[in-house]
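For reference, the structure discussed in these notes is given below.
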Amino acid sequence: MFLCVLLACVGIVQCFPNGQVAGACGSLLPEHGVNAQTSPSPFNVTTSKTTFKEGEEITVTLNAQSGDSFEGFMLQANEVGLTDPIGAFSVADSAAQAIYCDTVANRAVSHTSASNKTSIQAKWKAPASGLKSTIEFRATFVKSKKTFWVGVKSSPVTYISTPVAPTVPSNPDCGKTKVCFSQPNNCDPTTSTDCHFMAVQKSSNQSEWIIEIFGQADGYVAIGFSDDKEMGNDDIYICSKDKNGVLQVQHAFSTGRVAPTILSLGNVSNIKTALTNGNINCSFTSRNAISTGSRAASTGQYYLLIASGPSSQGNIQTHTKKFVSGTKADLQNPSTVTSNAEEFPPILKAHGALMLIAWMTTGSIGMIIARYLKGVAKGQGLGGKDFWFTAHVSLMLLSVIATAIAFILVFSYAQDWAGGAHPVLGCLVMILSLIQPIVAIFRCDPQDERRFIFNWAHSFIALAIKAIAVAAIFTGLALFEEYKTDGWMLKVMGGFITWEALMYVLQDLNFRARKKDSEIFSCGLMKPEAILLLVFVLGNLAFLIALLFGIGTT
């Protein structure tokens, strides 16, 4: 009787020197009657690759460190955070064997005997389909019956999808099975060389979206779902080139006129990408809820957005093209939505017009008069001041006033610094424009020995204002060009800079000729510098009118 009680108090200890330990699958716990070690393991698990694709093989190595050895082991592969064995192992080492787990062959690897081992290698093959998660290899190492380490992990091995080229989307199914939006309206990506296209199709079980993106761009094409026509609080998917030029799909959320916040891709599968002749083409299936910040997947009706532009080292840059649907689309009901001509905010048009007038006409003319026309009608003027001086001060004062009004208008509208470099350049122009007349008020007499300091400072500030103003105009016109597709306004501005440089060269040649009592040409009573000024004004007005027309029709 005493012997029976004693045996009942003794725990059952099972040892498997032959490695048939299928009962430990998942947990990796040996039934040795003692707890596993908690100190760092003297053994490690390494892999031949850090990424894997469907059906790919990875060599897994179990190593002992510092002259140690292990008698037994068990190795399996798991999705990170889970314990179910996955994939299939094969071994060529006589000290190792592939074993069953949950009635599935080759799910794990274990020892064949209790002999001491310092290194074991096995090959693991990923499933041909179904596994799209990061994995890790976990092992138990048994040094002796009472000394063992459980769950020693390898570094994570990341899943990367095998690129599959999508078919080029076409519009015959638009309005039948898909919600489509394109620019130009109703363009066909299969035939058009400049068609931006997106399509959204609800799956048959109503639990997921099939999304197609297509467009020609240097770096990326993005599509979005919005509650309004403005950028901000939009759910976005981006098809873009990574730093190696390979297309990738990203999920993002727009918070305004800044780069969108990249999110976890979430529940997105069946990704297909293709890059052909500059055309970016992506399709994928998403189970993610569409979120626009204040609400998540409520009515299912959204304005549709398409934007495209360049990327740098895998990071998207400011879009060069943007299109917004004219009406909301009900994603539950197949339809074709079109874009209306979107009116650029009038207050921004006024801002742009004032800045062009200030620094293409009044400012430019005032500067060239001060530099080259001091000798025209010398001694004649108003209030004891020569005509050139009166004209210069009046024109520059008008430029400062126009700049100040433009500055106030745009900041009262935007109330932020969105727009990249443009608002910074605009602020510098405004500050220097205010400094210039203040410096002029406190200038010393022309005969003062320190007058040269004012002359140099006045000229330097004027040159800085001109250069920064030109840069501000270029960046501002680029923002206007987001609402156009031909980019002609930037070309006109480039022509204006060339024209202005040419006129300065001619005036300078005439100025040097006058010092030698000569002229570059003669025209009766009118002096060459006056004629050049007239031509300069007429040319500037022509360029100005062209750009004002472009802004007005944006």
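Bear in mind these aren't lab numbers, they're just calculated from the coordinates by the rules spelled out. In this text the structure is predicted, and so the values were computed from the model without any measurement. A quick note on method: Cβ atoms are made from the backbone with ideal geometry, for glycine too, and the neighbour counts reach across all protein chains shown.
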Exercise. Express the Stokes-Einstein translational diffusion coefficient of segment 13-159 in µm² s⁻¹, to the nearest whole number, given a Kirkwood radius over alpha-carbon pairs, 20 °C and a viscosity of 1.002 mPa s.
Key: 142 µm²/s
Quiz item: When the helices in the chain are scored as -39500 (n - 2.57) per DSSP H run of 4 or longer and the sum is shared across all residues, what 222 nm value do you end up with, to the nearest 500 deg cm²/dmol?
Solution: -10000 deg cm²/dmol
Exercise. Find the percent of Cα-Cα distances in segment 101-194 that exceed 24 Å, and round it to a whole number.
Key: 55 percent
Quiz item: Once the other residues with Cβ under 13 Å from the Cβ of ALA95 are scored (Lys, Arg +1; Asp, Glu -1), what is the net sum?
Solution: -1
Exercise. Compute the normalised compactness of segment 31-105: alpha-carbon radius of gyration over 2.2 N^0.38 Å, N being the residue count.
Key: 1.26
Quiz prompt | Of the DSSP H helices in the chain, those whose Cα atoms cover at least 30 Å axially and whose Kyte score averages 0.5 or more | solution = 387-414, 421-441, 451-481, 528-552
Quiz prompt | Cβ-placed point charges (K, R +1; D, E -1), dipole of the chain about Cα centre in debye, nearest 20 | solution = 920 debye
Quiz item: Quick one: net charge of SER335's neighbours, Cβ under 11 Å, K/R +1, D/E -1?
Solution: +2
Quiz prompt | Residue (of PRO184, SER119, VAL200) at the positive-pole extreme of segment 95-210, dipole from beta-carbon charges | solution = SER119
Self-check item: Relative contact order, percent, the chain [alpha-carbon distance under 8 Å, six or more residues apart]
Solution: 9 percent
Quiz item: What fraction of the DSSP beta bridges in the chain is antiparallel, stated in percent and rounded to the nearest 5?
Solution: 95 percent
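Taking the Kirkwood radius as the inverse of the mean 1/r across Cα pairs, report the Rg/Rh of the chain.
Value, to two decimals: 1.23.
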Quiz prompt | ³J(HN,Hα) computed for each position of segment 125-137 - Karplus, 6.51 cos²θ - 1.76 cosθ + 1.60, integer Hz, glycine/proline x | solution = 10, 6, x, 6, 7, x, 9, 9, 10, 5, 10, 8, 9
Self-check item: Square roots of five times the Cα gyration tensor eigenvalues for segment 346-552, Å
Solution: 32, 22, 14
Self-check item: Shape category assigned to segment 179-337 from the gyration tensor of Cα positions, a/c cut at 1.5
Solution: rounded
Exercise. For segment 75-234, compute the number of Lys pairs whose alpha carbons are separated by less than 20 Å, excluding pairs fewer than 8 positions apart on the same chain.
Key: 11
